[in-house]
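**Student:** First, the structure itself, so that you have it in front of you.
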């Protein structure tokens, strides 16, 4: 992550940034999602942070049959982009899960609190650069991906649901991808995850990121064991003004 003077905000976290996505499962219009960066900063433990909210919910017939309403948030240090506090709320059918994590990077500890966990509060050892999912998102946007060569890799360790996963980002190529604004120059990357029950292969996630100063996720294809998921950017604005 880039280093700046204390109190100076790293410019890839943009105030009042809003990204909207549409999600399809095969040919089914399945869900919608938003990523919103708050306009005001907040102090946490003497550090300046900015809050990022992500919401996702099913739409149409899927919302009737199997409704999903998920919410994630992270307070990221505006200088280092490390998470200081994260929150998660999941409503997936009858399943419910709430979780808050307080990161103490100086003492290499994360305090995980969830009424659904046993015990409800636990301390979890972390490394100094451990991220959450949202921190991982900005970790990728921080990198000069357009300057990287095909095959170059970046690695991050991310805390998710009480476990730490090592994720690799690999640059696969440079392509023009069709979108609502015509074709955009994009960087194609692969996200390589540990083997799990959700994804069909280790490199099941293909992500296209705009090859410009914003470096926003433009398109994603996910090869799940239950089907093929595509996620497309439908709107991108900053402070209410459309960027694309």
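Read-outs throughout are calculated quantities, based only on the coordinates presented, and are distinct from any laboratory measurement. These numbers were taken from a predicted model, which means no experiment stands behind them. Counting neighbours? That spans all protein chains shown, and the Cβs are built from the backbone with ideal geometry, glycine included.
**Student:** Under the definition of Cα pairs under 8 Å and six or more residues apart, what whole-number percent is the relative contact order of the stretch 17-242?
**Tutor:** 15
**Student:** If I stretch the segment between residue 149 and residue 96 completely, what's the gain in nm (0.36 nm per residue apart, minus their alpha carbon distance), one decimal?
**Tutor:** 14.8 nm
**Student:** How much length would be gained if the chain were fully extended between residue 225 and residue 20, taking 0.36 nm per residue of separation minus their Cα-Cα distance, in nm to one decimal?
**Tutor:** My answer for the length gained is 71.3 nm.
**Student:** Right, another one. At 222 nm, what helix-only mean residue ellipticity would the chain give, in deg cm²/dmol to the nearest 500, using -39500 (n - 2.57) for each DSSP H run of four or more?
**Tutor:** -2000 deg cm²/dmol
**Student:** After finding the eigenvalues of the alpha carbon gyration tensor for the chain, what semi-axes result from the square roots of 5 times each, listed largest first in whole Å?
**Tutor:** Three semi-axes, in Å: 26, 24, 19.
**Student:** Same structure again: Sorted by average packing, counted as other Cβ atoms within 10 angstrom per residue and highest first, what order do 184-193, 87-96, 124-133 take? Intermediate results must be reported in sequence, preceding the final value.
**Tutor:** On the way: 184-193: 19.9, 87-96: 13.3, 124-133: 17.0.
Most protected by this proxy first, the peptides run 184-193, 124-133, 87-96.
**Student:** Looking at the chain as a GNM with Cα springs under 10 Å, which of 66, 12, 114 has the largest mean-square fluctuation?
**Tutor:** 66
**Student:** Return the FRET efficiency for the residue pair residue 174, residue 123: r is the Cβ-Cβ distance, R0 is 41 Å, and the value is rounded to the nearest 0.05.
**Tutor:** 0.40
**Student:** Further question on the same structure: Using the number of other C-beta atoms within 10 angstrom as an exposure proxy, rank 145, 159 with the fewest first.
**Tutor:** 145, 159
**Student:** Give, in whole angstrom and from largest to smallest, the semi-axes √(5λ) of the equivalent ellipsoid of the stretch 132-239, with λ running over the eigenvalues of the Cα gyration tensor. Walk me through the intermediate numbers first.
**Tutor:** Numbers: eigenvalues 100, 54, 41 Å².
In descending order the semi-axes read 22, 16, 14 Å.
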